[in-house]
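A short worksheet on the structure shown next.
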Amino acid sequence: MFEVEESWCEDAGRDENTLRGALFGPVPSTGLGPRGTRRKKRTRRKNMKKRKEEETQHSEVGHDTPPPEQDDVSAATWVFGETSRPRKRRRKSDKERIADDRLGCPSDTCVAPSVRPIEKVGAAPPTTAVCLKKTQTTEWKSRKMKASGGEGEGDERAKAPTPGCSVGGEGGVHRGLNPVHKQAARKMEGARFRWLNEQLYTSTSTEAMAMFRDEPNLFEVYHRGFETQVSKWPSDPLDHIIADIRSLPPSTVIADMGCGKARLARSVPHRVHSFDLVALDNHVIACDMVHVPLPDASVDVCVFCLSLMGTNTAEFIREARRVLKSGGALRVLEIESRVTSLDRFVSDMETFGFSLVRKRNFSKMFVDLVFVAVEVTGIASPIIQLKPCTYKKR
Ligand code: SAH
């Protein structure tokens, strides 16, 4: 009974080899005799010892160092999951490969230990072997490209950095991170930016100022996110304003309300007073634009480029009217969807002493309004209605 079963097993093993051989080419001999023989046990012991030595060597030299090449591993073995090495060894190296992939370093040194023998032995169908390696490489490359902003979402930014952008980007805070960590950091920053944006749109300017005072680095986070956002738009709205201001007489005095990093001031030869909640640039005066340190009627052009953010918009408009000379211009460039009713907005602005002289739309997203400052007697409506920008919950 026992004898019969034993030979059945041996035959089964041989048949398997023959079938595999017919399908995928010859499988290199393991050098083992029939199961249970002394020779087999001796060889197994020898192999185990050899492997242990190799593994110790590998862990001693460090994770990135490839273990010694295994010339006895056939390609069919690797590709089709069979192995002439004991299973334990192969499974371990597979896990290692997956772990390395997850860590974002499926470099040749990590992947190669299992792949390299395919090229060396050349016993497997070459197309399959080549395909496997190619797929791994291609997958890795495309992931790397995406993560590093070489392709897809981050691409535009990489090719056309926002003018005046000095913080962030790939060369900035993410330098030194591996692609997976970079991608995670970027997602995290995106989430923080969206959160900050919502805070700015849904709180008063006093609250916003307190938030940045308590945690000044949030302002940088906000502006990194803002720059990333702008780089995805067809054009930077501020560029349109810069182009127009360049054509104004050199004596024109400008107030840039909510200036960010004062790119406007750095891009025109005119005198520009730049105001923002935090001064990231030495051109900027840190203040709430509800009260700017300028005398009455001292400015020719007042600019709000994407900066009518707090819930107390009316106070910003009132302050703009105070500092503007009669006949001066107020330029409001906003996300169009924030203006639910243009007629209502324009009539509210009139009560503050502004008359609409030009309306433009561009990029299907923005509305660009120019008002002229006129004389009024008393402000009838203390409210300016603009919808806050909020995000869908993800
Ligand atoms: N105008 C710049 C920056 C737009 S981001 C540009 O187009 O590039 C909006 C800016 O408005 C932010 O920097 C924000 O801090 C600023 N801001 C919002 N409310 C403000 C307030 N009450 N006082 C001063 N700055 C404000």
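The values are calculated or read from the model by the stated rules, or taken from the named source; none is laboratory data. Since this is a predicted model, take the numbers as computed values, not measurements. Ideal geometry is used to build each Cβ from the backbone, glycine not excepted, and the neighbour counts take in all protein chains shown. The accessibility values were calculated without ligands, DNA or RNA, using every heavy atom of the protein model including side chains. Shrake-Rupley method; radii C 1.70, N 1.55, O 1.52, S 1.80 Å.
With the condition kept exactly as written, say whether any residue in segment 193-201 is within 21 Å of GLU319 (Cα to Cα) and within 11 Å of the ligand (Cβ to nearest atom).
Yes - at least one qualifying residue is present in segment 193-201.
Identify the single condition in (1) of a type outside the set (Asp, Glu); (2) in a loop (DSSP other than H, G, I, E, B); (3) touching a Pro at 6+ places or on another chain (Cβ under 8 Å) that TYR201 does not satisfy, given that it satisfies every other one.
(2)
Scan segment 317-363 for residues that are under 33 Å from the mean Cα position of the chain (by Cα) and either open to solvent by 60 Å² or more (accessible area, probe 1.4 Å) or not β-branched (Val, Ile, Thr) (or both) and jot them down.
Answer for segment 317-363, where residues must be under 33 Å from the mean Cα position of the chain (by Cα) and either open to solvent by 60 Å² or more (accessible area, probe 1.4 Å) or not β-branched (Val, Ile, Thr) (or both): ARG331, LEU333, GLU334, GLU336, SER337, ARG338, THR340, ARG360, ASN361, PHE362, SER363.
Restricted to segment 325-372, and to residues that are in contact (Cβ under 8 Å) with a residue 60 or more places away in the chain and in contact with a Phe, Trp or Tyr (Cβ under 8 Å, 6 or more places away or on another chain), which residue is nearest to the ligand (Cβ to nearest atom)?
LEU333
Within segment 364-380, take every residue that is under 21 Å from SER298 (Cα atoms) and touching a strand residue (DSSP E or B) at 6+ places or on another chain (Cβ under 7 Å) and give me the one that is surrounded by the most Cβ atoms within 10 Å (Cβ to Cβ).
Within segment 364-380, the match that is surrounded by the most Cβ atoms within 10 Å (Cβ to Cβ) is PHE371.
Going residue by residue through segment 308-317, is there one that turns out to be within 23 Å of PHE362 (Cα to Cα), in contact with a helix residue (DSSP H, G or I) (Cβ under 8 Å, 6 or more places away or on another chain), of a type in the set (A, V, I, L, M) and within 9 Å of the ligand (Cβ to nearest atom)?
yes
Here is a check on your reading of the model: is GLY154 part of a helix (DSSP H, G or I), under 23 Å from LEU306 (Cβ atoms) and modelled with pLDDT under 85?
Working: part of a helix (DSSP H, G or I): yes; under 23 Å from LEU306 (Cβ atoms): yes; modelled with pLDDT under 85: yes.
Spelling it out, GLY154 is indeed part of a helix (DSSP H, G or I), under 23 Å from LEU306 (Cβ atoms) and modelled with pLDDT under 85.
Which residue is farthest from the ligand (Cβ to nearest atom), if the candidates are limited to segment 272-286 and must be surrounded by fewer than 22 Cβ atoms within 10 Å (Cβ to Cβ) and not in a strand (DSSP E or B)?
Applying the filter and picking the extreme gives ASN282.
Which is within 10 Å of the ligand (Cβ to nearest atom) and under 25 Å from the mean Cα position of the chain (by Cα), of ASP256, ASP236?
It is ASP236.
With the checklist (1) in contact with a helix residue (DSSP H, G or I) (Cβ under 8 Å, 6 or more places away or on another chain); (2) free of Cβ contacts under 8 Å to residues at least 60 places away in the same chain; (3) basic (Lys, Arg) in hand, flag the one item ARG271 doesn't pass.
Condition not satisfied by ARG271: (1).
May I ask you to say which residue of SER231, SER247, SER251 is more than 10 Å from the ligand (Cβ to nearest atom) and either touching a residue at least 60 places away in the same chain (Cβ under 8 Å) or over 27 Å from SER326 (Cβ atoms) (or both)? Before you say what the answer is, go through the steps one by one.
Details: SER247 fails: either touching a residue at least 60 places away in the same chain (Cβ under 8 Å) or over 27 Å from SER326 (Cβ atoms) (or both); SER251 fails: either touching a residue at least 60 places away in the same chain (Cβ under 8 Å) or over 27 Å from SER326 (Cβ atoms) (or both).
Only one candidate passes the filter, namely SER231.
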